[in-house]
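**Student:** Just passing along the structure, written as structure tokens.
The values are calculated or read from the model by the stated rules, or taken from the named source; none is laboratory data. Note that the structure is a prediction, hence the values are computed from the model and not measured. Reconstructed Cβ throughout: ideal geometry from the backbone, glycine too, with neighbour counts over all protein chains shown.
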Amino acid sequence: MKKRKNDIILLAAILIIAALIWFFVRTTRSEGAVAVVTIDGEIFGTYPLNKNAEIRIGDDGHYNILVIKDGAAEITEASCPDKLCVHQGKVKYDGQSIICLPNKVVVEITGGEQSEYDAVAK
């Protein structure tokens, strides 16, 4: 019976630590100010997140549709076969990105406030 009690205590401690880490990450990240779009490493454009917009990225053969709405950016349509970039969802925090490898498109959120905490210990 003592072994089962210790297992329950260990599980509860792990859940509490996981909840604290989740809370810390959610409260210390900052919202970004702009979406920087690059195609094959070249800057295609920089778009503020505080203005709603729909941007067509690329040409007729290889394209992505970037929608900026309510302070977040997402790719809603793409010509790539797997459509992983469409399923990545919305991004709005500094350092988040959406990547479409077939079309060589990267949408990265930058310019937001930096968190006073670093998520990576060096």
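**Student:** Answer yes if at least one residue in the stretch 76-85 is crowded, with 17+ Cβ neighbours inside 10 Å, under 14 Å from the mean Cα position of the chain (by Cα) and outside the structural domain of Val25 (by TED's automatic domain parsing), and no otherwise. Reasoning before the result, please.
**Tutor:** Residues of the stretch 76-85 crowded, with 17+ Cβ neighbours inside 10 Å: 78, 80, 85.
Those left that are additionally under 14 Å from the mean Cα position of the chain (by Cα): 85.
Still in the running and outside the structural domain of Val25 (by TED's automatic domain parsing): 85.
Checked against the condition, which is being crowded, with 17+ Cβ neighbours inside 10 Å, under 14 Å from the mean Cα position of the chain (by Cα) and outside the structural domain of Val25 (by TED's automatic domain parsing), the stretch 76-85 yields at least one hit.
**Student:** When the residues of the stretch 45-65 are filtered to those that are surrounded by fewer than 14 Cβ atoms within 10 Å (Cβ to Cβ) and assigned to a loop (DSSP other than H, G, I, E, B), which remaining residue is modelled with the highest pLDDT?
**Tutor:** Asn52
**Student:** Only residues in the stretch 91-105 that are within 14 Å of Val36 (Cβ to Cβ) count as the first member; pair them with residues that are part of a strand (DSSP E or B) and polar (S, T, N, Q), Cβ under 8 angstrom, at least 6 apart or cross-chain, and list the lot.
**Tutor:** As it stands, the answer is Val91/Ser97; Asp94/Thr110; Gly95/Thr110; Val105/Thr38; Val105/Asn64, since those pairs meet every condition given.
**Student:** I'd like the residue in the stretch 66-122 that is of a type in the set (A, V, I, L, M) and part of a loop (DSSP other than H, G, I, E, B) and, out of all such residues, is modelled with the highest pLDDT.
**Tutor:** Initially, the stretch 66-122 is screened for residues of a type in the set (A, V, I, L, M), giving 66-68, 72-73, 75, 78, 84, 86, 91, 98-99, 101, 105-107, 109, 119-121.
Cutting the leftovers down to part of a loop (DSSP other than H, G, I, E, B) gives us 101, 119-121.
Numbers: Leu101: 93, Ala119: 54, Val120: 51, Ala121: 48.
Ranking the candidates gives Leu101 first.
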